[in-house]
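Every number in this text was worked out from the coordinates using simple rules, so none of it is lab data. None of these values were measured; they are calculated from a predicted model. Don't worry about glycine lacking a Cβ; one is built from the backbone with ideal geometry, like all the others, and counts go over all protein chains shown.
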Amino acid sequence: MKIPVKNIRETNCACDALILPFVEGASEFYKKFGSAFQKQIRKAFSKEFHGKRNELLLMPTTEGVKPERILLIGLGKKNEVSAESIRQAGGKAAVHLRDKGMKKIAVSTSLISFLNLSPLNFIEGALLSLYKYERYRKEKDNKKIDNITILSKTSKRLSDELKWTEAITSSVYFARDLINTPSNDMTPAHLAKAALSLRNKRLSVKVLERKDAERLGMNVYLSVTKGSHEPPKFIVLQYKGAKSKPLALIGKSITFDSGGISLKPSDGMEKMKYDMAGGAAVLGVLKAASELKLPVNLVGILPATENLPGGSATKPGDIARSITGKTVEIINTDAEGRLILADAIGYAIKHFGPKAIIDIATLTGACSVALGNEAIAMMGNDRKLIDNIKKSAERTCERVWEMPLFDEYKEYLKSDIADIKNTGGKNGSLVTAAYFLYEFAGKTPWVHLDIAGTAWVEKDKPYIPKGASAIGVRLIMDVIKNLK
Ligand code: BES
Ligand code: MN
Ligand code: ZN
């Protein structure tokens, strides 16, 4: 996909379709470009188009202008337009034009700039919406947009923003591909290979094998691997763009979650290939950060394994000792995410002394019970980091909602014979899962993001097609951008 910036008049832009955004009821905005479109636009506004949010109208143009067609897209009420509504408009317009077979399209940015918003939000929405996962189809869809021209004055700011947007959207594509891949092809070894493919001068990747994890004493992580024949891979990435202490990003990387001996019901179990969406998001962030050569220090950790039942699998009631020395009584083998994360958090603290940790995980079914598919559940021990993530969530519209970590939850996880148990019962299970991690984070500033409700989309959204969303990539990139 090419995204040239051209400083030419809308009427002089040769393309299959030119996108013209409108706010509700304002048909005259493009009047200054002459009467060629204007008659058509005015006619449309008299009946079939009003500029309502995400409303679309594609029309062939008349003689005298270069674009073959114009696509009117509504942004809704003028005082309600936001970065998010622009992003959604970009998604809606791009998918509509792709499905109509358009190849070269262009977008007028004068209204968006007039509203003091960035045209790059429109491009971001367009690029994110055009994602398709076709790896396993013999017949690929040949409808593809080749070219989105941005009609605008060129500037350093615009080209920087364009670079940012392209890096982020390509990392989102990268992460979505990993998540959508079925577990027979997305094994821990494949995930390690994907991580290794990102290596460059500033980004190193180390893959710890089972014997390394044994030597390091990560037996809580290893307890999850025991039922599977696929070798586990504990993947560690280091991006060095600065000298400061690193920010550690830890992504849950269960390449398939059957529940283990505490087997899940078979209805919907096929979805559990996406239980590595946290790990994929972390890879996406490291890819984008290194492509953009950001001046930050990052560590990415993906404790990868399958969670399967079997003759040598961990059984309810078993106890394992973690890298921190804490012992865990495993009441339910389906609460495996917190087990692999506990050792990953312990490892991060021991080996990197990070200034902060963010973990991202499809951790609990209770997350979607509480918030549906609309927000990430967030819990942590550091007010400043939590508040920064809230701000990033508002900017990116990868929404978060904070949940509490009251001291009283500690009781829920008391084991009769070990230091802690891995489940705290049905009530409050979204929070007790995080509380379990909190016990391993200790004093290190830490935030947990539960993406169980948002990592997978059941129905197309304006810029997230059905399937893996790769949520977290845009959010964490915004957090990093604003790190101080
Ligand atoms: N991977 C699941 C959580 C999940 C469920 C993610 C549905 C996405 C969609 C996690 O490992 C799990 O099984 N959690 C259990 C914990 C319980 C046994 C305490 C759950 O939430 O049911
Ligand atoms: Mn599970
Ligand atoms: Zn899981």
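Given +1 at the Cβ of Lys and Arg, -1 at the Cβ of Asp and Glu and no other charges, the dipole of the stretch 169-481 around its Cα centre is 1360 debye to the nearest 20. By the count of neighbouring beta-carbon atoms within 10 Å, fewest first, L151, L18, L449, L249 end up ordered L151, L18, L449, L249. Take the Cβ atoms of E402 and A242, set R0 to 25 Å, and the FRET efficiency comes out at 0.30. Between the residues H229, L178, N200, the greatest Cα displacement towards the positive end of the dipole of the stretch 172-229, with unit charges on the Cβ of Lys, Arg, Asp and Glu, is found for N200.
Classified by the C-alpha gyration tensor, the stretch 327-484 has an oblate form. Its axis ratio a/c, with a ≥ b ≥ c, is 1.5 or above, and a/b does not exceed b/c. Going from the fewest other Cβ atoms within 10 Å to the most, the residues W446, W164, W456, W401 appear in the order W401, W164, W456, W446. Across all Cα pairs in the stretch 5-155, the calculated P(r) in 5 Å bins from zero up to the longest distance comes to 2, 10, 20, 23, 22, 13, 5, 3, 2, 0 percent per bin. Legend: calculated FRET efficiency, K52 to K390, from the Cβ-Cβ distance at R0 = 35 Å, rounded to 0.05, equals 0.70.
Here the residues H96, H229, H351, H448, ranked from fewest to most Cβ neighbours within 10 Å of their Cβ, fall in the order H229, H351, H96, H448. Approximating the spin labels as points 7 Å out from Cα along Cα→Cβ, the K31-to-N142 distance works out to 4.6 nm.
Since only G278, A348, I150 are under comparison, the one whose Cα sits farthest along the positive direction of the charge dipole of the chain, derived from C-beta charges on Lys, Arg, Asp and Glu, is I150. Using a cutoff of 8 angstrom between alpha carbon atoms and counting only pairs six or more residues apart, the relative contact order for the chain works out to 15 percent.
Helix 119-129 versus the longest principal axis of the chain: what angle, 0 to 90°, nearest 10, using Cα atoms? Result, in degrees: 60. The angle separating the long axis of helix 429-441 from the principal Cα axis of greatest extent in the chain is about 70 degrees. Qualifying trypsin sites (Lys or Arg not before Pro) in the stretch 162-203, where qualification requires a DSSP coil assignment and no more than 10 other C-beta atoms within 10 Å, comprise K201. Would the stretch 62-151 count as rounded, prolate or oblate if I go by the C-alpha gyration tensor, calling it rounded below 1.5 in a/c and otherwise prolate when a/b exceeds b/c, oblate otherwise? Oblate, because a/c is 1.5 or more while a/b does not exceed b/c. Indicate the gyration tensor shape class of the stretch 155-276 (rounded, prolate or oblate), computed on the Cα atoms with a ≥ b ≥ c the square roots of the eigenvalues: a/c under 1.5 is rounded; otherwise a/b larger than b/c is prolate and the rest oblate. Because a/c hits 1.5 or more and a/b fails to exceed b/c, the stretch 155-276 counts as oblate. Largest first, the three principal axis extents of the alpha carbons in the chain are 81, 47, 42 Å in whole numbers.
Reducing the stretch 373-435 and the stretch 41-71 to their Cα centroids gives an inter-centroid distance of 48 Å.
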